[in-house]
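The values are calculated or read from the model by the stated rules, or taken from the named source; none is laboratory data. Keep in mind that what you see is a predicted model, and the values were worked out from it rather than measured. Glycine gets a Cβ as well: all are built from the backbone with ideal geometry, and neighbour counts include every protein chain shown.
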Amino acid sequence: TFVRYFLPSIFFMGIHVVMGQVLNARGKFGAMMWTPVLNNIVIIVTLGMFIWVYGTSADSGMKVANIPPEGQRLLGIGVLLGLVVQALAMIPYLRETGFRLRLRFDWRGHGLGKAATLAKWTVLFVLANQAGALVVSQLSTAAGKHSDVGGTGFSAYANAQLIWGLPQAIITVSLMAALLPRISRSASEGDGGAVREDISQGLRTTAVAIVPVAFGFVSLGIPMCTLIFGSSGTGDATNMGYMLMAFGLGLIPYSVQYVVLRAFYAYEDTRTPFYNTVIVAAVNAGASVLCYVLLPARWSVIGMSAAYGLAYAIGVGVAWNRLRKRLGGDLDGSHVLRTYARLCIASVPAALVSGAACYGVGHVLGQGVVGSFAALVAGGILLFGIFFVAARRMRIEELNSLVGMVRGRLGR
């Protein structure tokens, strides 16, 4: 029943993305960022109605496998309605830019054939990515079945990965959505120097937030998961925390690759990202197999979490080298590497101190809601406070620029 609403949902999701890209190309970025909030509100209301009708899982004993058809229909309608609202909310913003929606049947000469060719490699990109993910999901599920410890299977892996990917979605994706139209214009004009400068700016600006957050996952991973998933049991949530810690530093190459691949898309090259994804997926799958074979069942999925970041680190090296050849010179590599190295140096003591504080608070207050929240707050304040002081003393220019921009917006 739920699948019946899947294809219409994809359609409206695609409509939202296309409208958002039209707005981005015209320098309007706000609607693309806030309209998903409307979708979230509809989903929350739908889930609230579901709980009101059927009760919680603990009360009803209901699992995914035995949700009744009426419940599936409610969830399906809620998901579809949320995406419809999200898409329709974009129309007023399009009209403000002078864009008008109208049916057209003169399909020739509008680049549909070229778009189809580009889409072919994008579809293969998705399939390659999913092939690697399928290997990991099967291995992590098998490891969870063979482990006598809870929170070690694919569900725990997916939950940790969901938290880990949030900063990427908020920071890197948002920044590159604003930069991509400018990069695309420079690419169409053949201005490789401008493309190089914008990619360098994107990498260094996102690093100011991504690097300390990555180290934060290493130091704060356990209290994050015991606070969010503590209802599943402290032991299960703690194992999810270990996975989040293993994912942690992989956020840096994951973010870097996202930025670098935008340059290929600016040149309308979707084939190179596909080949790069094949390499990442193959390394991820191969390393995950080694983790499954060589590590005890409890730790094998944690190893797979670390392998994910390793795969992207290798993928970044390949993509960087290809882009450097594409632009016919250096990608401002020394400047970028120096920025990342200095940010990492500033993050290490911050992560060590915040991790020690989390351990101390958890030891005293336990790993319940209160203890986890207190550990997360104390560790988070220390992490970002120490990082900020260290980065300012090291005179990292990207941080100073960011602080200056924020102060300017606040009128100080």
Single condition VAL135 does not satisfy, out of (1) over 18 Å from SER255 (Cβ atoms); (2) without any contact (Cβ under 8 Å) to a residue 12 or more places away in the chain | (2)
Considering THR277, THR272, which residue is assigned to a helix (DSSP H, G or I), surrounded by fewer than 21 Cβ atoms within 10 Å (Cβ to Cβ) and at pLDDT below 95?
-> THR272
What are the residues in the stretch 318-329 that are touching a helix residue (DSSP H, G or I) at 6+ places or on another chain (Cβ under 9 Å) and free of Cβ contacts under 8 Å to residues at least 24 places away in the same chain, if any?
-> ARG324
Within the stretch 77-89, which residues are over 16 Å from ILE44 (Cβ atoms) and of a type in the set (Gly, Ala, Ser)?
-> ALA87, ALA89
Options LEU310, LEU244: the member that is in a helix (DSSP H, G or I) and either within 24 Å of GLN367 (Cα to Cα) or of a type in the set (Val, Ile, Thr) (or both) = LEU244
Between residues in the stretch 68-85 that are assigned by TED's automatic domain parsing to the domain that holds ASN40 and of a type in the set (Lys, Arg) and residues that are surrounded by fewer than 17 Cβ atoms within 10 Å (Cβ to Cβ) and not in a helix (DSSP H, G or I), which pairs lie under 6 Å by C-beta distance while being six or more apart or on different chains?
-> ARG73/THR1
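For GLN161, state whether it is in contact (Cβ under 8 Å) with a residue 12 or more places away in the chain and farther than 19 Å from VAL259 by Cβ.
For GLN161, the condition - in contact (Cβ under 8 Å) with a residue 12 or more places away in the chain and farther than 19 Å from VAL259 by Cβ - is met.
Would you confirm whether any residue within the stretch 64-77 is within 24 Å of the chain's Cα centre (by Cα), modelled with pLDDT of 80 or more and of a type in the set (A, V, I, L, M)?
Among the residues of the stretch 64-77, not one is within 24 Å of the chain's Cα centre (by Cα), modelled with pLDDT of 80 or more and of a type in the set (A, V, I, L, M), which makes the answer no.
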Filter result for the condition that a residue is in a helix (DSSP H, G or I) and more than 17 Å from the chain's Cα centre (by Cα), over SER174, SER155 = SER155
Failed item in (1) surrounded by 18 or more Cβ atoms within 10 Å (Cβ to Cβ); (2) over 17 Å from the mean Cα position of the chain (by Cα); (3) over 20 Å from LEU261 (Cα atoms), with LYS145 passing the rest | (1)
For the stretch 188-200, name all the residues that are surrounded by fewer than 20 Cβ atoms within 10 Å (Cβ to Cβ) and part of a helix (DSSP H, G or I).
-> SER188, GLY192, GLY193, ALA194, GLU197, SER200
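Looking at the stretch 368-398, which of the residues that are among the β-branched types (Val, Ile, Thr) and closer than 30 Å to GLY230 by Cα is modelled with the lowest pLDDT?
Within the stretch 368-398, the match that is modelled with the lowest pLDDT is VAL369.
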Quick one: in the stretch 299-343, which of the residues that are in the same structural domain as ARG196 (by TED's automatic domain parsing), farther than 15 Å from ASN284 by Cβ and of a type in the set (Phe, Trp, Tyr) is surrounded by the fewest Cβ atoms within 10 Å (Cβ to Cβ)?
-> TRP320
